[in-house]
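Written below as structure tokens is the structure these notes are about.
None of the figures in this text is laboratory data; all of them are computed from the coordinates on show. This one's a predicted model, so the numbers in the text were calculated from it and none came from an experiment. We place every Cβ from the backbone using ideal geometry, glycine too, and count neighbours over all the protein chains shown.
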Ligand SMILES: Cc1cc2nc3c(=O)[nH]c(=O)nc-3n(C[C@H](O)[C@H](O)[C@H](O)COP(=O)(O)O)c2cc1C
């Protein structure tokens, strides 16, 4: 693996270029190669203990996109125009609790840990969940896992911007209604997965309406 060698200027330029795209040019499609590149950066994202508590569903079916509109007030224009539309799904308590089948299979099958390492990891993970982070309700476990799914979101949007692809993160939806729909029509078991966000990818229809605004750099950083 080579040491990465991208210029700081190119990276900051991508951060300036990225904006929450309100409307995409519906005639321009992101290539399969490029969307797979973006999704790979989700796959390579870091997660707590490396347990990857996420799944990403790419919704290209027009009828399914249409069904999302009534439950997602922040999304209709993006559902109509984005080249690719991704649902950021996060595992719920039955999957992420320290002694779940999923966690066991991650350690055994994906990480291929030997038995003694599995035992050690399980103890750490249990203490982390029960003692350090006090994840004692299903809601707390979901929100904690969700934070990790957002790391993948950041990485996907930055990776997209670096290759000139636009994006929009979307939390403008009714979580309960959206999840009911995902259970009904999208084949998602919502006892196992919840919807953290939606993310649209494509090419901007027009330049951003406003220049980027941010708080002053010195107001958000403190050195001690
Ligand atoms: C978690 C999250 C949820 C967001 N939800 C929506 C949304 O539902 N609809 C939308 O148009 N923009 C949404 N945005 C975009 C923000 O409004 C936007 O990122 C912010 O105003 C800063 O502008 P910029 O991204 O263009 O720099 C969301 C952003 C984040 C990070």
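The table below gives the values:
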| quantity | calculated |
| --- | --- |
| Overall dimensions of the range 130-218 as given by Cα atoms, namely Rg and Dmax in Å | 16.9, 50 |
| Computed over the range 29-122, Cα set: Rg, Dmax in Å | 17.4, 52 |
| Estimated 222 nm signal from helices in the chain, with DSSP H stretches of n ≥ 4 weighted -39500 (n - 2.57), rounded to 500 | -12500 deg cm²/dmol |
| Overall Cα dimensions of the range 77-197, principal axis frame, Å, largest first | 51, 34, 26 |
| Neighbour-count ranking [beta-carbon atoms within 10 angstrom, fewest first] of 85, 133 | 133, 85 |
| Linear extension gain, residue 13 paired with residue 128, 0.36 nm per residue minus alpha-carbon span | 37.6 nm |
| Projected area, mean over directions - the chain, Cα convex hull, nm² | 15.6 nm² |
| Estimated inter-spin distance, residue 117 and residue 80, nm [label 7 Å along Cα→Cβ] | 5.2 nm |
| Between the range 149-204 and the range 86-141, the Cα center-to-center distance that results, in Å | 23 Å |
| Footprinting exposure proxy for 58, 86, 30 (fewest neighbouring C-beta atoms within 10 Å first) | 58, 30, 86 |
| P(r) histogram, all alpha-carbon pairs of the range 167-216 included - 10 Å bins from 0, percent | 20, 35, 25, 18, 2 |
| Scaled radius of gyration (Cα, divided by 2.2 N^0.38 Å) that the range 121-179 gives | 1.54 |
